[in-house]
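The structure appears below as structure tokens.
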Amino acid sequence: MAKGEHLTFAPGMLDDTPLKDVHELVMASLDEGVRCPCCTKLAMRYGRVLGSVMTRVLVTAYRIHGTEWFYMEKLCKKMKIRTGDATKVRFWGLIEKDESGDRSRPSGGSGWYRVTEAGGDFVDRKLTVPRKAHIFDNKLHFFSDDMTDVDVALGDHFDRDELMGGA
């Protein structure tokens, strides 16, 4: 099936087919991408590599804030990068989002994150993580088997020690 192609059903099938069965058909086609016959939304599972931009944000957040809460948009603006890519680091468990809804914070409490203990260990070269996360509907489905460390994830453009201020 081609990317974005509609699942086709026999006339009346949707009327007679349990939603559970339609769901199974859509879920079975996520890697290629498919338009849901119920809502016509493109359903596709994406493989996201823990790349240099995401890792650079993680290292910078850890250097500046340690494991304290920080406002992601402010950090990304300072670094001149998009917030969306930076927040995907949460799929690896290297940062966590504040779900407390603390309204006393700027922005009404949304957009606050902190580096987790695992995130600190990754930055400190004590931990490797899967290189790729497979994501659908903003949820982690599974990880690839191949692993990466902070230096490989940063790539050739960034140096971890330099980002950490010589640490």
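The values are calculated or read from the model by the stated rules, or taken from the named source; none is laboratory data. Computed from a predicted structure; not experimentally measured. Reconstructed Cβ throughout: ideal geometry from the backbone, glycine too, with neighbour counts over all protein chains shown.
List of remarks:
- Filtered residues of segment 114-145 (kept if aromatic (Phe, Trp, Tyr) and closer than 23 Å to Met27 by Cα): Phe136, Phe142, Phe143
- Qualifying residues in segment 89-106 (those that are among the basic types (Lys, Arg) and more than 10 Å from the chain's Cα centre (by Cα)) - the one modelled with the highest pLDDT: Lys97
- Near pairs, Cβ below 7 angstrom, 6+ apart or cross-chain, from segment 63-87 (in contact (Cβ under 8 Å) with a residue 60 or more places away in the chain and over 21 Å from Lys139 (Cα atoms)) to any residue that is surrounded by 14 or more Cβ atoms within 10 Å (Cβ to Cβ) and of a type outside the set (D, E, K, R): Arg63/Leu163; Arg63/Met164
- Verdict on Ile95 being among the β-branched types (Val, Ile, Thr) and under 20 Å from Glu162 (Cβ atoms): no
- For segment 107-130, the criterion of being within 17 Å of the chain's Cα centre (by Cα), closer than 12 Å to Trp92 by Cα, among the basic types (Lys, Arg) and modelled with pLDDT of 90 or more is met by none of the residues.
- Enumeration of residues in segment 133-160 that are more than 20 Å from the chain's Cα centre (by Cα) and either in the same structural domain as His23 (by TED's automatic domain parsing) or surrounded by 11 or more Cβ atoms within 10 Å (Cβ to Cβ) (or both): Phe158, Asp159, Arg160
- Test result for His157, of a type outside the set (S, T, N, Q) and touching a His at 6+ places or on another chain (Cβ under 6 Å): no
- Unique match (being in a loop (DSSP other than H, G, I, E, B) and among the aromatic types (Phe, Trp, Tyr)) among Phe158, Phe122: Phe158
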